[in-house]
Amino acid sequence: MSAISTIIFVHGAWANASGWNKVLPLLEDTGLELVAVSTTLASLAADAAIVRRAIAIAKGPALLVGHSYGGAVITEAGLDPKVAGLVYVAAFAPDAGETVLGLGAEGPPNDLPNVLVPDDEGFLKLSRRGVDEVFAQDLPLAERNAIFQTQGPTAAAALSTPITVPAWKEKPSWFLRATLDNTIHPELQAMMAKRMEAITVDTDSSHLPMLSQPHKVSDLILLAMG
């Protein structure tokens, strides 16, 4: 794997780039360029384009880190020659033709479909119970309040757009599996990690290990850097 110069972080659905704020300080001593992009959550194509622009201006080889839906984004955008590897944090890693919603529906059942609140324009938000019980059950109340109040509406269309050519078939991959995840079932995470032949580490976390266990995330990133 080429020496890494830049780490690019991609947040998931109902989130924003601030979700990496506990991980970024843990990696400052690496001396690498750290970039947490903000995506639209409206279109997989638009979000992959944002990541490709970040790759284009990166200082040398880049490691992509994606959480949740962000895993689909790095899967779509990660074929760029400057991408040296992919790190999935409790993330979706679809194969060609697969979608985030399709994978979720085919995996073991969970409560996520019951806590999504749709609007008239095809966007989804999490209910209060969704944040407290499905998304972030191991975080303190103040953090759960912030997640609920600042969540980004996410287009169902973005979650139902199929992957074209998955980057993980060409790039080395790492996976942090959240064993207490109520949003992406841990068994589904294990299946995706296994078929990618990703180096996999488990952590007893909700769907948001970068907030509840940021050191586990930074440790995996350091492992991926070699």
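Observations on the structure shown:
- Of note, Ala48 satisfies the criterion of being closer than 23 Å to Met196 by Cβ, within 14 Å of the chain's Cα centre (by Cα) and without any contact (Cβ under 8 Å) to a residue 60 or more places away in the chain.
- Val10 vs. criteria open to solvent by less than 50 Å² (accessible area, probe 1.4 Å) and either without any contact (Cβ under 8 Å) to a residue 12 or more places away in the chain or in contact with a Leu (Cβ under 9 Å, 6 or more places away or on another chain) (or both): yes
- Filter pass, Val165 being open to solvent by less than 20 Å² (accessible area, probe 1.4 Å) and either touching a helix residue (DSSP H, G or I) at 6+ places or on another chain (Cβ under 6 Å) or closer than 29 Å to Gly226 by Cβ (or both): no
- Apart from one condition, Ala17 fits all of (1) within 13 Å of the chain's Cα centre (by Cα); (2) surrounded by 16 or more Cβ atoms within 10 Å (Cβ to Cβ); the exception is (2).
- With respect to the conditions (1) in contact with a Ser or Thr (Cβ under 7 Å, 6 or more places away or on another chain); (2) within 16 Å of Phe92 (Cα to Cα), Leu139 lacks only one, and its number is (2).
- Cβ-Cβ under 7 Å pairs, at least 6 apart or on other chains, the stretch 112-133 side of a type in the set (D, E, K, R), far side assigned to a helix (DSSP H, G or I): Arg128/Phe148; Arg129/Val115; Asp132/Arg144
- Complete set of residues in the stretch 157-181 that are closer than 21 Å to Pro81 by Cα, among the hydroxyl-bearing types (Ser, Thr, Tyr) and either without any contact (Cβ under 8 Å) to a residue 24 or more places away in the chain or in contact with a strand residue (DSSP E or B) (Cβ under 6 Å, 6 or more places away or on another chain) (or both): Ser173
- Subset of the stretch 34-58 [open to solvent by 60 Å² or more (accessible area, probe 1.4 Å) and either out of contact with any helix residue (DSSP H, G or I) (no Cβ under 7 Å at 6 or more places or on another chain) or within 19 Å of Glu121 (Cβ to Cβ) (or both)]: Thr40, Ala45, Arg53, Ala56, Ile57
- Residue check for Thr179: modelled with pLDDT of 95 or more, open to solvent by 60 Å² or more (accessible area, probe 1.4 Å) and not charged (D, E, K, R): no
- Residues within the stretch 188-212 that are open to solvent by 50 Å² or more (accessible area, probe 1.4 Å) and within 14 Å of Ala93 (Cβ to Cβ), tallied: 6
- Every condition in (1) closer than 23 Å to Glu143 by Cβ; (2) open to solvent by less than 20 Å² (accessible area, probe 1.4 Å) is met by Ser173 except one, and the failing one is (1).
- Annotation note: Cβ proximity below 6 Å between a residue of the stretch 82-104 that is crowded, with 24+ Cβ neighbours inside 10 Å and a residue that is modelled with pLDDT of 95 or more and acidic (Asp, Glu) (sequence gap 6+ or interchain) occurs for Ala90/Asp181.
The values are calculated or read from the model by the stated rules, or taken from the named source; none is laboratory data. Quick caveat, the model's predicted, so the values are computed rather than measured. Glycine also receives a Cβ, built like all others from the backbone with ideal geometry; neighbour counts cover every protein chain displayed. All accessible areas refer to the heavy atoms of the entire protein, side chains included, with ligands and DNA or RNA removed. Shrake-Rupley method; radii C 1.70, N 1.55, O 1.52, S 1.80 Å.
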